[in-house]
Every structure is written in structure tokens, then in C-alpha cells.
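The values are calculated or read from the model by the stated rules, or taken from the named source; none is laboratory data. Bear in mind that the values here come from a model prediction, so they are computed numbers and not experimental data. Cβ placement follows ideal geometry from the backbone for every residue including glycine, while neighbour counts extend to all protein chains displayed. Keep in mind that these areas ignore ligands, DNA and RNA; they rest on the heavy atoms of the full protein, side chains included. Shrake-Rupley method; radii C 1.70, N 1.55, O 1.52, S 1.80 Å.
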Amino acid sequence: MMQKKKVLILHGWGGSDYPHWQAWLATKLIKQNHEVSFPTLPNRDFPCFNEWFEFAKKEIEHFKPNIVVCHSLGNILWFHLLENLDIKPLDKLLLVAPVRNDCKVEELKDFFPYKVPKNLKAKESLLMVSTNDIYMNLREANELQHALNISMSILEDAGHINAESGFGELKEVLDWINE
């Protein structure tokens, strides 16, 4: 019998409310009878690293995901969690539109710099990026992919791969989770 999917979805700065693809994904997974945790991280418009870290740590300990899907600043939070916690190995990890390590956004300064994890603690990992993301260009994405040693999917002209750039649905992510 196939193990039930327990999917933790970590949003980025400002959240991922509908019509963002992460909200769409959570709904689709629930309709497929998977367990989903899609928490609103504290003070999401003015994030504090320590608040996000402690909140996510408790959620991981409580929910015990076997799949994690991160977007934007959620990726950076996940990198810090991997460096500081004993994370149970995942079946899958999806890193969508991470933020470059020398991010200069004042509201996010306590998340940076981050250490690129040597071990993503996942059987299967995928990095999904865009050719024109303002938070990480393609050269930086290639460097991160090389450092993480994982597969990468490149979306053409997809911006930051969020609702503002037209991603209310991201069928590729649902298909990848269901593979």
C-alpha cells in the first residue's frame, strides 16, 4: 500500500493566498485525500526569522511531513531548518523560486546570508526557477542547482512564479508530487 502523502507547504514573504499556485495546490491535494499543512507564517508581511523558524520547527515536529513544497523566502527558511534541526528524511522536496543569497531587501535581512545545505534530506528534490525572476537570475539559479546537486526545471518568462506573474495554477507541481 502506498504511503499517504503529508505535504507541508511553506510560503514566502507576504504569503501565498488565493490565487497563488500554492493555495491552488493545497486545495488540489486535499481533494485527492492527502494531508496538507499550509500554515500562515507569523507576521508574513514583515517576517522575523526567529518567529518563522520557531513556528516552522513546531509545525514539522507536529505534522511530520514526507513532502515539502517551498516558495521564495520559504526556501530560505527550509535551508536554515535543515542546517539547525534533525529533519526526518523526506520523500520529495520542491524548491520554487528561491531568493539569491545576497538579497538586499531590508525587511528580510535577518534571513540572509544562508548556508546552502549539503544534504537536502530528501529522496527526490527539484529546483524550479524562471528565466526572469527578479530575486534570482538564471546564472545564480544554476550555481544553486550545482551546489545542491539536484534537478532543475526552468520556466520561461515566469517572473517570480507567483500569482502576480500569472501562476494561480501550476499543474507541473501537482503532477510531480503525484509521480
Quiz item: Counting residues that are buried (at least 17 other Cβ atoms within 10 Å of the Cβ) and of a type in the set (A, V, I, L, M, F, W, C), which strands (runs of 3 or more DSSP E) fully inside the stretch 1-75 reach at least 2?
Solution: 6-10, 67-71
Practice problem: Can you give me the number of residues within the stretch 123-158 that are outside any strand (DSSP E or B) and touching a strand residue (DSSP E or B) at 6+ places or on another chain (Cβ under 6 Å)? | Solution: 4
Quiz item: Out of the residues in the stretch 159-169 that are touching a residue at least 60 places away in the same chain (Cβ under 8 Å) and touching a Ser or Thr at 6+ places or on another chain (Cβ under 7 Å), which is farthest from ASP102 (Cα to Cα)?
Solution: ILE161
Quiz item: Would you pick out the residues in the stretch 85-100 that are open to solvent by 40 Å² or more (accessible area, probe 1.4 Å), at pLDDT 95 or above and assigned to a loop (DSSP other than H, G, I, E, B)?
Solution: PRO89, ARG100
Quiz item: Is one or more of the residues making up the stretch 172-179 acidic (Asp, Glu), within 20 Å of ASP17 (Cα to Cα) and touching a residue at least 24 places away in the same chain (Cβ under 8 Å)?
Solution: yes
Self-check item: Close pairs from the stretch 50-62: first more than 14 Å from LYS88 (Cα to Cα), partner open to solvent by 60 Å² or more (accessible area, probe 1.4 Å), Cβ under 7 Å, at least 6 apart
Solution: GLU51/ASN43
Self-check item: Residues located in the stretch 103-122, provided they are part of a loop (DSSP other than H, G, I, E, B) and surrounded by fewer than 12 Cβ atoms within 10 Å (Cβ to Cβ)
Solution: LYS104, PRO113, LYS115, LYS118, ASN119
Quiz item: Considering the stretch 126-152 alone, what residues qualify as being under 25 Å from LYS88 (Cα atoms), in contact (Cβ under 8 Å) with a residue 12 or more places away in the chain and open to solvent by 20 Å² or more (accessible area, probe 1.4 Å)?
Solution: LEU126, GLN145, ALA147, ILE150, SER151, MET152
Quiz prompt | Filtered residues of the stretch 1-22 (kept if farther than 18 Å from ASN178 by Cβ and of a type outside the set (Ser, Thr, Tyr)) | solution = LEU10, HIS11, GLY12, TRP13, GLY14, GLY15, ASP17, PRO19, HIS20
Quiz prompt | Subset of the stretch 156-179 that is surrounded by fewer than 14 Cβ atoms within 10 Å (Cβ to Cβ) and of a type in the set (Gly, Ala, Ser) - its residue that is farthest from TRP24 (Cα to Cα) | solution = GLY166
